[in-house]
Amino acid sequence: MQRWKLTVEYDGRPFVGWQRQDNGPSVQQHLEEAVRRLSGETVRVHGSGRTDAGVHALGQVCHFDLEKSFTGLKLRDALNFHLKPEPIAVVEVEPAPEDFHARLTSVGRSYVYRIVNRRAPLALESGRAWHVTRPLNAEAMHEAAQVLVGAHDFTSFRASLCQAKSPLKTLDRLDVERSGDEIRVHAAARSFLHHQVRNMVGTLELVGAGKWTDADLRRALDARDRAKAGPTAPPDGLYFVSARY
């Protein structure tokens, strides 16, 4: 039995999310079915993070155990063949030790959120970025974002259905940068609450638009009340970038 570590990218739009569910196709489901078709084995594919419906991935990490012998290159190419025509690509495959676990042994995860800030509609990026037409001040967003960096109770940025045992998280990085019409929000932490990144981005958008100040963001954080923070940004702009081990 060999444990395999995969790095996967996908367009999240056709899926109900990473996790296998009854209400539609998932990334996990398609990967498991691809493994079954190429090997005849029924496996469980474990992901490093559960992305929601419509959320994308540049470097989702996952693992599974397989009895049939493969080389990494052959397994990668075979999986990609059986994943067609789904917008899922296995970018890297490597053997992993028995004690490796994509989720449990991860010591950090990073996301990027993309905003296209312009009046014109999105011809190429529709569904892959949040289209915000009102002018945003990225520098103000970055300055305010530093209020959230560090260890805090993130109840105000937590989805009501979040299953985490505690709202306490340590945010290692929350940077905002602009390049032309695009604003990118980079977030890194050991782990995140459900919708935490999207809720933080939705709140920072209010700062960028001049509707909120750093002090407003601080009050929202301290309130520990989801109703006191800004709206949830759409899934379109969110990408799982990487997991650290």
Report the accessible area of residue 212, computed with a 1.4 Å probe over the heavy atoms of all protein chains in place, in Å² rounded to the nearest 10. 50 Å²
The range 107-151: C-alpha pair distances exceeding 13 Å, %: 67 percent
Determine how large the accessible area of residue 226 is when every protein chain is in place; take a 1.4 Å probe and give Å² rounded to the nearest 10. 60 Å²
Please give the solvent-accessible surface of residue 74 in Å², to the nearest 10, using a probe radius of 1.4 Å with every protein chain present. 130 Å²
Below 8 Å between Cα atoms, with a sequence gap of 6+, how large is the relative contact order for the range 121-195 in percent? 29 percent
Tell me what the chain gives for mean residue ellipticity at 222 nm when only DSSP H runs of n ≥ 4 count, each as -39,500 (n - 2.57), the sum divided by the residue total, rounded to 500 deg cm²/dmol. -7000 deg cm²/dmol
Heavy-atom accessible area ranking, 1.4 Å probe, most first, across 92, 33, 139, 205: 139, 92, 33, 205
The chain: relative contact order as a whole-number percent, Cα under 8 Å and 6+ apart: 24 percent
Report, to the nearest 10°, how far helix 72-83 tilts away from the longest principal axis of the Cα atoms in the chain, using its own Cα long axis and a range of 0 to 90°. 70 degrees
Rank these residues by their accessible area, most exposed first, probe 1.4 Å: 70, 81. 81, 70
Taking H placed 1.01 Å from N in the peptide plane, check which residues at least 5 places from residue 171 or on another chain put their amide H under 5 Å from its amide H. 150, 151, 152
10 Å beta-carbon shell around residue 191, net charge (K/R +1, D/E -1): +4
Rolling a 1.4 angstrom probe over the protein heavy atoms, how many square angstrom per residue are accessible across the chain? 48 Å²
So the pair-distance distribution of the range 1-135, from every Cα-Cα distance in 10 Å bins, comes to percents of 12, 40, 30, 12, 5, 1
So, counting K/R as plus one and D/E as minus one, what does the shell of residues with Cβ under 11 Å around residue 6 add up to? 0
With just the Cα atoms defining each centre, how far is the range 73-102 from the range 124-196? Give it in Å. 29 Å
As a test of reading the structure, rank 174, 58, 161, 168 by solvent-accessible area (1.4 Å probe, protein chains only), most first. 161, 168, 58, 174
Assign unit charges at the C-beta atoms only (+1 for Lys and Arg, -1 for Asp and Glu), then state the dipole size of the range 18-97 relative to its Cα centre in Debye, rounded to the nearest 20. 100 debye
For the chain, the fraction of alpha-carbon pairs in successive 5 Å shells from zero, as %: 1, 7, 13, 17, 17, 15, 12, 8, 6, 3, 1, 0
Taking alpha-carbon centroids only, the range 205-245 lies from the range 1-24 a number of Å equal to 26 Å
Mean shadow area of the range 163-245 over all directions, Cα convex hull, nm²: 6.5 nm²
Mind listing the phi-derived Karplus ³J(HN,Hα) values for the range 142-152, rounded to whole Hz, using 6.51, -1.76 and 1.60 with θ = phi - 60°, and x for any glycine or proline? 5, 4, 5, 4, 5, 4, 8, 6, x, 8, 8
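The values are calculated or read from the model by the stated rules, or taken from the named source; none is laboratory data. Quantities reported herein were computed from a predicted structural model and do not represent experimental measurements. When we count neighbours, we look across all protein chains shown, and the Cβ atoms used for this are built from the backbone with ideal geometry, even at glycine. Note: areas computed on protein heavy atoms with side chains; ligands, DNA, RNA excluded. Shrake-Rupley method; radii C 1.70, N 1.55, O 1.52, S 1.80 Å.
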